[in-house]
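*Asks:* Here's a structure for you.
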Amino acid sequence: MKKKGENSYKMSKYNELVDINGKHFLINLLTGNIVELDDEFFPKIREAINFDVDLKNLFSNEDLEFLLRRGFIVESKIEELDILKIWWKKGFSQNVLSLTLEPTLRCNFACTYCFEDTVNGGTMGNKEVNKLLKFIKNYMKRERINTLEISWFGGEPLLVKNVIDEITQGVREIFKELKIDFEEGYSASLVTKGSLLDSSVLEKLKIWKIKMVQITIDGSEMVHNLRRPFRGGKPSFNVVFKNFINLLKFIEGESLSIKVNLRCNFSLDVRDKVIEVFDMIPERYRKNINVYCKHYFPKSSEWRGMKLVSSLVHEQSISEVEAGLSMEVFRKGYKSERMKIGGAYFYCPASTMHHFELTPDLKVYKCNVAVGARPPVGEITDEGNIKYNVEELKKWILIDPFEDETCKSCKLLPICMGGCPLARVNRRRGCLIGLDNLNKILTLELTKIILKGGGS
Ligand code: SF4
Ligand code: SF4
């Protein structure tokens, strides 16, 4: 005799129905599976989602099997939250040392929304470089880590190319000493304003093992020059744009596998201007450029204190504006992913164990936005170890969205995984998008997938 509940099924709690041009789609946010529903299936699925019905009566065995295999239906005994908890734990067990390094806080730009002290900020000298290299060696040896990823950040990291040279060479020697394959185990990325990305730097990208370059251009020439002038006030658009195109040519010419990210910060008053730069880039390069349009708060002090949401529109509308821009950019031929459907996409490394952000004086943080706004989680000692500030560290490391009842019942959890850790450390919830906007944003993302002609 069968026990109660045995072989019974339930709809996944991560299903969402989306309509595009009269067609109905069922999306599962946990598995990332998407199916188009015909006129016979759509009302059944809608009924199954909205009412507590016996799924075995509603669907044939074949249909049940189809939906079960793709995660739209799950066995009643399965708790989908447990799958997410396993993903969460897995994210913490990655054997990679991930460092965001600020070799200098100085910058040749004076962006109106910058939150760093780029005038008085320091630069890593020989002493700091040596301590940093000792730290990398000690940490990789002690934790038995054989993969290192460095992200060069600033200030403007290309103001101190010699420091990047020294650290890259030092890492090469450490890998040799630890008998780790440098080619396999080491990679880097570069976040630069772009004005110093000349031909000599392009040649260095290979030596520095750069796998991703990110440049920010704030939309039209006029807006960019207002928001991102050189220190002293001169306009920067022309030189940055020229270097950006030269970077694309270089990558193509040398057949390099370097990803290019184009970041575009915008405020709502210039929403319609930001798109101009995307028409200026030759079409043949566009499919290789990943564009990220991000709304920013208009004044640095407001951003720094994280007080302002926006006086113009509600925060939820901002994610909708960002998603709309992302769609426009996508239609112009760029890669422009606002949200990946399925699979713990927004997994910020800040709350993982082996991720650190280091300032020029070797203070250790978990996120670059926290530099100066929160106490460091530690500092590198002369012996090349981290002296932890345990009180601060635990706030980052012990973050657990599965202790948050709202996140536990939130449909977005498989994608957002509890959102921005910094927001949580500051005792807020850093939602990836507002739930009210989920359907609209999924509609846009699915449209991109359909236009691309299949899976993302
Ligand atoms: S601001 Fe939040 S999401 Fe961004 S890097 Fe920092 S902790 Fe991560
Ligand atoms: S942080 Fe917000 S969007 Fe993310 S899972 Fe929690 S409640 Fe949902």
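*Asks:* Leaving out same-chain residues fewer than 8 places away, which lysines sit with a Cα under 23 Å from that of residue 131?
*Replies:* 141, 161, 176, 179, 209, 363, 366, 387
*Asks:* Same structure, new question: Counting each DSSP H run of 4 or more residues in the chain as -39500 (n - 2.57), what helix-only mean residue ellipticity at 222 nm follows after dividing by all residues, to the nearest 500 deg cm²/dmol?
*Replies:* Roughly -11000 deg cm²/dmol at 222 nm, from the helical runs in the chain.
*Asks:* Using heavy-atom solvent-accessible surface (probe 1.4 Å) with all chains present, what is the largest-first order of 443, 406?
*Replies:* From most accessible down to least: 406, 443.
*Asks:* In region 97-456, what percentage of the DSSP-assigned beta bridges are antiparallel, given to the nearest 5? Walk me through the intermediate numbers first.
*Replies:* On the way: 9 of 42 bridges.
Rounded to the nearest five, the antiparallel share is 20 percent.
*Asks:* Given the Cα-Cα distance of residue 8 and residue 405 and 0.36 nm per residue of separation, how much length would full extension add, in nm? Display every interim value, and only then the final one.
*Replies:* On the way: separation 397, 0.36 × 397 = 142.92 nm, distance 2.63 nm.
In short, 140.3 nm is gained.
*Asks:* Using the Cα centre of region 141-246 as the reference point, and only Cβ charges (+1 on K/R, -1 on D/E), how large is the resulting charge dipole? Debye, rounded to the nearest 20.
*Replies:* Working: 17 positive and 14 negative charges, 38 e Å.
With Lys and Arg at +1 and Asp and Glu at -1, about 180 debye.
*Asks:* Give me, ordered by chain and number, the residues 5 or more places off residue 147 or on other chains with an amide H under 5 Å from its own placed amide H.
*Replies:* 97
*Asks:* Could you size up the charge dipole of the chain around its Cα centre, putting +1 on the beta carbon of Lys and Arg and -1 on that of Asp and Glu, and report it in debye to the nearest 20? All intermediate terms of the calculation are to be shown ahead of the outcome.
*Replies:* Numbers: 69 positive and 61 negative charges, 161 e Å.
Approximately 780 debye in magnitude.
*Asks:* Something else now. Under a 1.4 angstrom probe, counting protein chains only, how are 197, 432 ranked by accessible area, largest first? Numbers along the way, then the final one.
*Replies:* Values: 197 0, 432 35 Å².
Ranked from most to least accessible, the order is 432, 197.
*Asks:* Within 10 Å of each candidate Cβ there may be at most 14 other Cβ atoms; applying that plus a DSSP loop requirement, which GluC sites (Glu not before Pro) in region 102-175 survive?
*Replies:* On the way: sites: 116, 128, 143, 149, 166, 173; in loops: 116, 143.
Loop-located and lightly packed - 143.
*Asks:* Okay, moving on. When all protein chains stay in place, what accessible area (Å², nearest 10, 1.4 Å probe) is found for residue 73?
*Replies:* 0
*Asks:* Still on this model: Check the straight Cα-Cα distances from residue 408 and name the aspartates and glutamates below 15 Å, setting aside those fewer than 8 residues away within the same chain.
*Replies:* 79, 80, 82, 400
*Asks:* Let me ask something else about it. At a probe size of 1.4 Å, how large is the accessible area of residue 328, to the nearest 10 Å²?
*Replies:* Counting only protein heavy atoms, residue 328 exposes about 70 Å² to solvent.
*Asks:* Okay, next question. Between residue 263 and residue 390, take the C-beta separation as r, use R0 = 45 Å, and let me know the FRET efficiency to the nearest 0.05. If you can, show how the numbers build up before the last one.
*Replies:* Working: r = 34 Å, r/R0 = 0.76.
The formula returns an efficiency of 0.85 here.
*Asks:* Here's something else I'd like to know. Using the Karplus equation 6.51 cos²θ - 1.76 cosθ + 1.60 (θ = phi - 60°), what ³J(HN,Hα) coupling, rounded to whole Hz, does each residue of region 97-110 give in order, writing x for Gly and Pro?
*Replies:* 8, 10, 10, 9, 10, 10, x, 8, 9, 5, 8, 8, 10, 10
*Asks:* Ordering 409, 336, 8 from largest to smallest accessible area (1.4 angstrom probe), what's the sequence? Mind dumping the intermediate values first?
*Replies:* Working: 409 95, 336 10, 8 35 Å².
Descending accessible area places them as 409, 8, 336.
*Asks:* Find which of 48, 451, 194 sits farthest along the positive direction of the dipole of the chain, computed with +1 on the beta-carbon of Lys and Arg, -1 on that of Asp and Glu, about the Cα centre.
*Replies:* Positive-most Cα among the choices belongs to 194.
*Asks:* Could I ask something else about it? Count neighbours as other Cβ atoms within 10 Å of each site's Cβ, and list the trypsin sites (Lys or Arg not before Pro) in region 4-86 that are DSSP loop with at most 13 such neighbours. Before the final figure, lay out the partial values.
*Replies:* Details: sites: 4, 10, 13, 23, 44, 46, 56, 69, 70, 77, 85; in loops: 4, 13, 70, 77.
Counting only loop positions with at most 13 other Cβ atoms within 10 Å, the trypsin sites (Lys or Arg not before Pro) in region 4-86 are 4, 77.
*Asks:* Rounded if a/c is under 1.5, else prolate if a/b beats b/c, else oblate: with a ≥ b ≥ c from the C-alpha gyration tensor eigenvalues square-rooted, which is the chain? Please list the in-between numbers first.
*Replies:* Numbers: a/c = 1.91, a/b = 1.46, b/c = 1.31.
Prolate, because a/c is 1.5 or more and a/b exceeds b/c.
*Asks:* Pull out a ≥ b ≥ c, the square roots of the eigenvalues of the alpha-carbon gyration tensor of region 1-78, then state rounded if a/c is under 1.5, prolate if not and a/b is larger than b/c, and oblate in the remaining case. It would help to have the intermediate numbers written out before the result.
*Replies:* Details: a/c = 2.17, a/b = 1.71, b/c = 1.27.
Note, shape of region 1-78 comes out prolate.
*Asks:* Label-point separation (nm) for residue 35 and residue 114, each offset 7 Å from Cα along Cα-to-Cβ?
*Replies:* Here the answer is 5.4 nm between the modelled labels.
*Asks:* Follow-up question, since we're still on this one. Once both labels are modelled 7 Å past Cα along the beta-carbon direction, what's the residue 273-residue 198 spacing in nm?
*Replies:* 3.0
*Asks:* Which whole-Hz ³J(HN,Hα) couplings does region 281-295 yield from phi under the Karplus relation 6.51 cos²θ - 1.76 cosθ + 1.60, θ = phi - 60°, glycine and proline marked x?
*Replies:* Here the 3J(HN,Hα) series is 8, x, 4, 5, 8, 4, 5, 9, 9, 8, 9, 10, 9, 10, 6 Hz.
*Asks:* Could you name the lysines in cross-link range of residue 56, using Cα to Cα under 27 Å and dropping any fewer than eight places away on the same chain?
*Replies:* Cross-link targets: 2, 3, 4, 10, 13, 23, 44, 77, 411.
*Asks:* Moving on. Residues with amide H under 5 Å of residue 231's amide H, sequence separation 5 or more or different chain, H placed in the peptide plane at 1.01 Å from N; which?
*Replies:* 109, 110
*Asks:* Rounded to the nearest 0.05, what FRET efficiency do residue 78 and residue 284 have when you use their Cβ-Cβ distance and R0 = 51 Å?
*Replies:* Working: r = 47 Å, r/R0 = 0.93.
Using R0 = 51 Å, I get an efficiency of 0.60.
*Asks:* To continue, here is another question. Is any helix in the chain, taking whole DSSP H runs, at least 30 angstrom long along its axis by alpha carbon and on average at least 0.0 on the Kyte-Doolittle scale, and which ones?
*Replies:* Working: long enough: none.
None pass (Cα extent of 30 Å or more, hydropathy at least 0.0).
*Asks:* For region 144-244, state which trypsin sites (Lys or Arg not before Pro) are in a DSSP loop and have at most 13 other beta carbons lying within 10 Å of their beta carbon. The partial results should precede the final answer.
*Replies:* Working: sites: 144, 161, 172, 176, 179, 193, 204, 206, 209, 211, 227, 231, 242; in loops: 144, 179, 193, 209, 231.
Those satisfying the criteria are 144, 179.
The values are calculated or read from the model by the stated rules, or taken from the named source; none is laboratory data. Remember, it's a predicted structure, so these values are computed and weren't measured experimentally. Every residue, glycine as well, gets a Cβ built from its backbone with ideal geometry; the counts of neighbours run over all protein chains shown. Accessible surface is based on the protein model in full, side chains and every heavy atom, while ligands, DNA and RNA are left aside. Shrake-Rupley method; radii C 1.70, N 1.55, O 1.52, S 1.80 Å.
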